[in-house]
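The values are calculated or read from the model by the stated rules, or taken from the named source; none is laboratory data. As the structure is a prediction and not an experimental result, all values here were calculated from the model. Neighbour counts are summed over all protein chains in view; Cβ atoms, including those assigned to glycine, are modelled from backbone coordinates with ideal geometry. For accessibility, only protein heavy atoms count, side chains too; no ligands or nucleic acids. Shrake-Rupley method; radii C 1.70, N 1.55, O 1.52, S 1.80 Å.
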Amino acid sequence: MEWNHQFIETNGIRMHLVRHGAGHPVVLLHGWPEFWYTWRKNIPTLAEQFDVIAPDLRGFGQSDKPRGTASEAYTIDHHVEDLKGLIDALGLPRIGLVSHDVGSSVAQAFTRRYPDRVTGLFFFNVLYPGVAQRLAGPENMTETWYQGFHQQPWAADLIGSSRAATRIYFGNMLSHWAHDPRTFDDDLEAWVDNFLAPGNLQGGFNWYTAIFPARLAMMRGDGAAPPPIPHPTRVRWGASEPFMKPDYADRLGETFTDLDYAVVPEAGHFVHYEQPDFTNREIAGFFGGLAAAGRFTPTIAES
């Protein structure tokens, strides 16, 4: 389809998004190694029922890569305020959030800070406090190496040293993290093009440097757990996820008090891309159910 690209000024950056449809707004937040295009199999169908907005997070895709170190310009707070500014600029009082991986961290932080702006949460393979310590376990040593690698000051130069190097790097991630290694064959060159665009490798890598102190604290079990989120929440977890294993979902109830959880067969890290028909039915059913229950009605303060 012909994509409707837009740019919005928010929180000091120019954020790129693709927007289609009408109805209750649903924002799709991508993960790593992704950009808005990861939702290409979902946007057309969901847009038949919803106002679908798929942004590139700061540092990714066609959104700005602001100057400054990762800790100065790429923290979770920056991402949260980017999203707040985005929906304010679009005139959206409340949104549904669909996310996974990096986007799932942003969605949780946003919902805790701005609870009245969120109608419901839909996650795939969600990063939440109960998963953090186990990600650092010995069984994952050969899987999570990239998180430290991305923090090296020469990593972007190495991976971007040639198109072949970029293709090898992302081809490995996309094939290894999917249930079927051939899943991304048709789109691999689009991923290579995206991450070879100026600033995109370092922009994405900055997330890992910025989030590392908080991730390290969670792995150590330092500090108090964040308050649970009471919003209606649906989580669908790929059965073949290689490192964020479905077994790690056993503590989801500590973070989400209104939870609907299930494992998705024949899907890995990218459930939305690997099983698009299933995904579209699940998202439409979840937010359609909230609408039928009157959960989309504006609050008194918003009306």
Within region 141-173, track down each residue that is farther than 18 Å from residue 203 by Cα and either part of a loop (DSSP other than H, G, I, E, B) or in contact with a helix residue (DSSP H, G or I) (Cβ under 7 Å, 6 or more places away or on another chain) (or both).
-> 141, 142, 143, 144, 171
Go through the residues of region 175-188 one by one and say whether even a single one is surrounded by fewer than 13 Cβ atoms within 10 Å (Cβ to Cβ), of a type in the set (S, T, N, Q) and either without any contact (Cβ under 8 Å) to a residue 24 or more places away in the chain or at positive phi (or both).
-> no
Return only the number of the condition from (1) closer than 18 Å to residue 81 by Cβ; (2) open to solvent by less than 10 Å² (accessible area, probe 1.4 Å); (3) among the hydrophobic types (A, V, I, L, M, F, W, C) that residue 7 does not satisfy.
-> (2)
Condition met for residue 226 (open to solvent by 40 Å² or more (accessible area, probe 1.4 Å), in contact (Cβ under 8 Å) with a residue 12 or more places away in the chain, assigned to a loop (DSSP other than H, G, I, E, B) and on the phi < 0 side of the Ramachandran plot) = yes
Please tell me if residue 105 is crowded, with 17+ Cβ neighbours inside 10 Å, under 19 Å from residue 264 (Cβ atoms), among the hydroxyl-bearing types (Ser, Thr, Tyr) and at pLDDT 95 or above.
-> no
Could you tell me whether region 130-140 includes any residue that is part of a strand (DSSP E or B) and crowded, with 16+ Cβ neighbours inside 10 Å?
-> no
Residue among 97, 86, 90 that is buried (at least 24 other Cβ atoms within 10 Å of the Cβ) and at pLDDT 95 or above | 97
Quick check: anything in region 111-128 free of Cβ contacts under 8 Å to residues at least 40 places away in the same chain, open to solvent by 10 Å² or more (accessible area, probe 1.4 Å) and either touching a Gly at 6+ places or on another chain (Cβ under 9 Å) or not in a helix (DSSP H, G or I) (or both)?
-> yes
Say whether the condition of being of a type outside the set (S, T, N, Q), without any contact (Cβ under 8 Å) to a residue 12 or more places away in the chain and under 20 Å from residue 26 (Cβ atoms) is met by at least one residue in region 294-303.
-> yes
Would you check which residues across region 1-15 are assigned to a loop (DSSP other than H, G, I, E, B) and modelled with pLDDT of 95 or more and list them?
-> 2, 3, 4, 11, 12
Say whether the condition of being touching a helix residue (DSSP H, G or I) at 6+ places or on another chain (Cβ under 6 Å), over 23 Å from residue 54 (Cα atoms), of a type in the set (A, V, I, L, M) and in a helix (DSSP H, G or I) is met by at least one residue in region 215-222.
-> yes
Pairing a residue in region 23-39 that is under 12 Å from residue 174 (Cβ atoms) and part of a strand (DSSP E or B) with any residue that is of a type outside the set (A, V, I, L, M, F, W, C) and open to solvent by less than 10 Å² (accessible area, probe 1.4 Å), where Cβ atoms lie under 6 Å and the two sit 6 or more apart in sequence or on different chains, gives none
For residue 247, which of the numbered conditions (1) surrounded by 13 or more Cβ atoms within 10 Å (Cβ to Cβ); (2) in a helix (DSSP H, G or I) fails to hold?
-> (1)
Select from region 13-53 the residues that are charged (D, E, K, R) and over 20 Å from residue 91 (Cα atoms) and list them in ascending order.
-> 34, 40, 41, 48
Please go through region 261-275 and pick out each residue that is within 12 Å of residue 124 (Cα to Cα) and surrounded by fewer than 21 Cβ atoms within 10 Å (Cβ to Cβ).
-> 261, 262, 263
Scan region 198-211 and give yes if some residue there is at pLDDT below 95 and not in a loop (DSSP other than H, G, I, E, B), otherwise no.
-> yes
